[in-house]
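Participant: Have a look at this one.
Please treat every number below as a calculation from the coordinates, not as lab data. All values reported here derive from a predicted model rather than from experimental measurement. No Cβ is skipped: glycine too gets one built from the backbone with ideal geometry, and neighbour counts run over all protein chains shown.
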Amino acid sequence: MFDRPLKILLVSAEVVPFAKTGGLADVAGSLPKALATVGNDHAGNDVRVTLPHYKGIEGARYRMDFPVLFKNRAETAIIREAGLEAQYRGEHRLVPVYLVDNHHYFYRDGMYMFEDEAERFAFFCRAVLEMLPRLNWQPDVIHCNDWQAGPIPFFLKVRYRHDSFYNKMATVFTIHNLQYQGNFPQETLSLLGVGEDYFTPELLEFYGTVSFIKMGILFADVVSTVSRTYAEEIQRPETGERLDGLLRMRAADLYGIVNGINYHEFNPRTDPRIHRNYDRDSLENKRENKYSLQKEMGLPVKNTPVVAMISRLVEQKGLDLVARIIDQLMEMDLQFVLLGTGDPDYEKIFKEIKSKYPGKAGVHIGFNAILAQRIYAGADMFLMPSRFEPCGLGQLIAMRYGTIPIVRAVGGLADTVHDFNPVTGSGNGFVFSEYSEEALLHAVKRALALYRDDPGQWQKLVRHAMEIDYSWARSAVEYLQLYQEALARHTQKAKIA
Ligand code: ADP
């Protein structure tokens with residue numbers, strides 16, 4: 001299927017295990033490992049990763065430094081090197097990771113939200129491109145993720161266009177969440193090394209700002225996002241975050257590939273973080289995880305259905321719906337468990353729910369990866385009533401652990417969870433469409449009814465959810481096809497130009 005191994009550079013502002021604030025980091029940490037090991041019979045692809053070297057990252061060794069001409073002065077970029085461990089046919093492989101360091105820009109508490117954000121990431125993108133000839137490495141494809149990497153396709157098309165070292169490189173730009181755009185004042189043009197003639201709606205101007213995400217969408221050879229449904233949704237005015245017009249313009253080059261999860265890390269058979277390991281043939285052990293979760297959350301230990309949420313507590317996640325139906329939920333035969341952190345208003349609401357229903361609601365405010373695994377393993381149902389959801393990882397992890405998702409049919413949730421059909425027995429969860437209390441409540445009630453009235457069918461549903469392949473191996477093959485597509489388009493455009 002793939003004629004030769006590819007050289008791929010993945011650019012991301014965060015990569016597990018070096019730096020993480022959200023799902024992007026999981027993708028950037030897992031996809032390269034999968035790419036290094038799929039797609040052809042001989043060597044695997046030559047995949048490398050780059051991100052900024054933030055304060056707190058340890059263990060990367062010095063590789064080189066060089067000046068980057070930036071803002072009419074020379075700023076030093078220091079490149080440090082580390083690796084991501086991958087397995088290839090039983091042998092260890094190391095995916096090289098290049099960390100771009102500059103004391104002034106990156107030695108700070110925290111990763112984002114600084115006044116000079118445009119300057120920091122424009123510098124990062126320039127440094128990444130300037131690093132390549134010094135590594136003597138010419139990637140076939142540069143895979144840019146989210147607004148922080150948006151300037152790279154732009155730089156390649158404008159600044160490096162006639163440079164034979166760069167002009168064969170194709171670019172892919174992936175949108176992980178369209179809400180985060182990187183829009184900055186007009187003065188940002190000078191950081192990008194262009195004048196006011198670029199400040200037009202056809203080029204970099206976006207509602208009076210210079211938009212980094214727009215640069216990625218406009219100049220990349222192909223654009224992708226993290227599910228097919230989200231790729232459609234973002235082309236509509238209601239859900240397009242003002243970029244729907246541009247995305248419609250690029251519709252022929254816009255793809256959706258759902259994220260995978262790491263099947264080694266998320267495996268109920270071997271996961272050391274959970275109380276008792278199990279698989280689809282030993283589901284009785286899953287119940288022991290429920291009992292130990294109940295104990296840990298201060299709930300009565302009994303065989304009642306546990307409905308769980310693990311989520312950033314933000315508007316996107318549909319928490320207002322949950323808060324509005326909580327009194328009705330608490331009248332039913334179930335226990336509710338929530339792990340999350342975020343917006344203080346939501347934290348307060350869920351703490352209050354915990355005090356109001358001590359024997360029925362277990363709430364833990366905070367970020368806790370170990371407790372998260374125990375919840376995935378111990379719960380029966382997993383709630384994601386999101387307003388929008390580009391892909392969503394929670395539902396995928398839940399299914400891997402035999403915990404049935406109850407989701408709203410948006411974005412990646414719509415693509416990965418299919419409504420249970422009591423007649424045919426098909427489906428892997430419970431799905432509702434309308435963003436309303438009634439619709440959510442109805443879905444929860446349907447799930448509870450099946451759990452209570454037909455344990456045999458419920459077990460079948462659980463087994464089926466556990467069997468579906470949401471590993472990276474599958475999505476990585478789709479990304480390889482996307483890279484080929486980007487290369488083909490790039491070559492074609494070069495011929496026309
Ligand atoms: P998003 O990227 O919008 O936060 P996803 O569903 O794509 O949503 O990814 C969320 C990931 O973060 C999941 O792996 C989930 O288990 C994890 N997570 C979210 N909140 C917490 C928390 N408070 N503690 C531990 N893990 C969490």
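Participant: Per the Kirkwood definition applied to all pairs of different Cα atoms, how many angstroms is the hydrodynamic radius of the stretch 237-396?
Facilitator: Answer for the stretch 237-396: a Kirkwood hydrodynamic radius of 17.4 Å.
Participant: Right, next: I want the local charge near Lys493. Using Cβ-Cβ distances under 14 Å, sum +1 for each Lys or Arg and -1 for each Asp or Glu among the other residues.
Facilitator: Once positives and negatives cancel, what remains is +3.
Participant: Identify, among Leu461, Ser436, Tyr401, the residue whose Cα sits farthest towards the positive end of the charge dipole of the stretch 284-468, taking +1 on the Cβ of Lys and Arg and -1 on the Cβ of Asp and Glu, with the dipole about the Cα centre.
Facilitator: Result: Tyr401.
Participant: Determine the relative contact order of the chain: mean sequence separation of Cα pairs under 8 Å and six or more apart, normalised by residue count, in whole percent.
Facilitator: Result for the chain is 12 percent.
Participant: When only DSSP loop residues count, what GluC sites (Glu not before Pro) in the stretch 393-475 have their Cβ near at most 16 other Cβ atoms within 10 Å?
Facilitator: Passing both the DSSP loop test and the Cβ count: Glu434.
Participant: Here's something else I'd like to know. Set Lys and Arg Cβ to +1 and Asp and Glu Cβ to -1, take the dipole of the stretch 201-338 about its Cα centre, and tell me which of Tyr291, Ala220, Ile257 lies farthest positive.
Facilitator: Tyr291
Participant: Per the Cauchy relation, a quarter of the hull surface: what is the mean projected area of the convex hull of the alpha carbons in the stretch 79-211, in nm²?
Facilitator: If I average the Cα hull's projected area over directions, I get 10.1 nm².
Participant: Is there a quick way to get the dipole size of the chain? I mean about its Cα centre, with the Cβ of Lys and Arg at +1 and of Asp and Glu at -1; what is the value in debye to the nearest 20?
Facilitator: Numbers: 57 positive and 62 negative charges, 195 e Å.
About 940 debye.
Participant: So what are the radius of gyration and Dmax for the Cα set of the stretch 312-365, in Å?
Facilitator: When restricted to the Cα atoms of the stretch 312-365, Rg and Dmax are 10.4, 29 Å.
Participant: Beyond a 20 Å Cα-Cα separation, which of these cross-linked pairs lie in this structure: Lys33/Lys168; Lys157/Lys493; Lys7/Lys55; Lys20/Lys214; Lys20/Lys354; Lys360/Lys445?
Facilitator: Among Lys33/Lys168; Lys157/Lys493; Lys7/Lys55; Lys20/Lys214; Lys20/Lys354; Lys360/Lys445, the Cα-Cα distance tops 20 Å for Lys33/Lys168; Lys7/Lys55; Lys20/Lys214; Lys20/Lys354.
Participant: Sticking with this one: How large is ³J(HN,Hα) for each residue in the stretch 247-256, as worked out from phi by the Karplus curve 6.51 cos²θ - 1.76 cosθ + 1.60 (θ = phi - 60°), to whole Hz, x for Gly and Pro?
Facilitator: Result, rounded to whole Hz: 5, 5, 4, 9, 3, 5, 10, 9, 10, x.
Participant: Using a Debye calculation, one point per C-alpha and no hydration shell, please list log10 I(q)/I(0) for the stretch 210-261 at q = 0.18, 0.20, 0.24, 0.28 Å⁻¹ in order.
Facilitator: Per q value, in the given order, log10 I(q)/I(0) is -0.53, -0.65, -0.91, -1.15.
Participant: Could you please tell me the mean projected area of the C-alpha convex hull for the chain, averaged over all directions and given in square nanometres to one decimal?
Facilitator: 23.9
Participant: Further question: Which value, in debye to the nearest 20, gives the size of the charge dipole of the stretch 284-468 about its Cα centre, when Lys and Arg are +1 and Asp and Glu are -1 at the Cβ?
Facilitator: With only Lys, Arg, Asp and Glu charged at Cβ, the dipole is about 520 debye.
Participant: Next question, about the same structure. Residues with beta-carbon under 10 Å from that of Ile261, excluding Ile261: net charge, scoring Lys, Arg +1 and Asp, Glu -1?
Facilitator: It works out to a net charge of -1.
Participant: Continuing with the same structure: Using the Cβ atoms and a cut-off under 15 Å, what net charge is assigned to the surroundings of Ala377, where Lys and Arg are +1 and Asp and Glu are -1?
Facilitator: +3
Participant: Continuing with the same structure: Using only helices, what value at 222 nm comes out for the chain when you add -39,500 (n - 2.57) per DSSP H run of length 4 or more and divide by the total residues, to the nearest 500 deg cm²/dmol?
Facilitator: Working: 17 runs with 184 residues, N = 497.
Value at 222 nm, helices only: -11000 deg cm²/dmol.
Participant: Can you list the residues, at least 5 places off or on another chain, whose amide H is less than 5 Å from the amide H of Ala86, using H built in the peptide plane?
Facilitator: Under 5 Å from the amide H of Ala86: Arg93, Leu94, Val95.
Participant: Output ³J(HN,Hα) for the stretch 258-266: one whole-Hz value per residue in order, computed from phi by the Karplus curve 6.51 cos²θ - 1.76 cosθ + 1.60 with θ = phi - 60°, and x for Gly and Pro.
Facilitator: So the J values, rounded to whole Hz, are 6, 5, x, 10, 6, 6, 7, 5, 9.
Participant: When the Karplus curve 6.51 cos²θ - 1.76 cosθ + 1.60 is applied with θ = phi - 60°, which whole-Hz ³J(HN,Hα) does each residue of the stretch 32-37 get, with x for Gly and Pro?
Facilitator: x, 5, 5, 5, 5, 10
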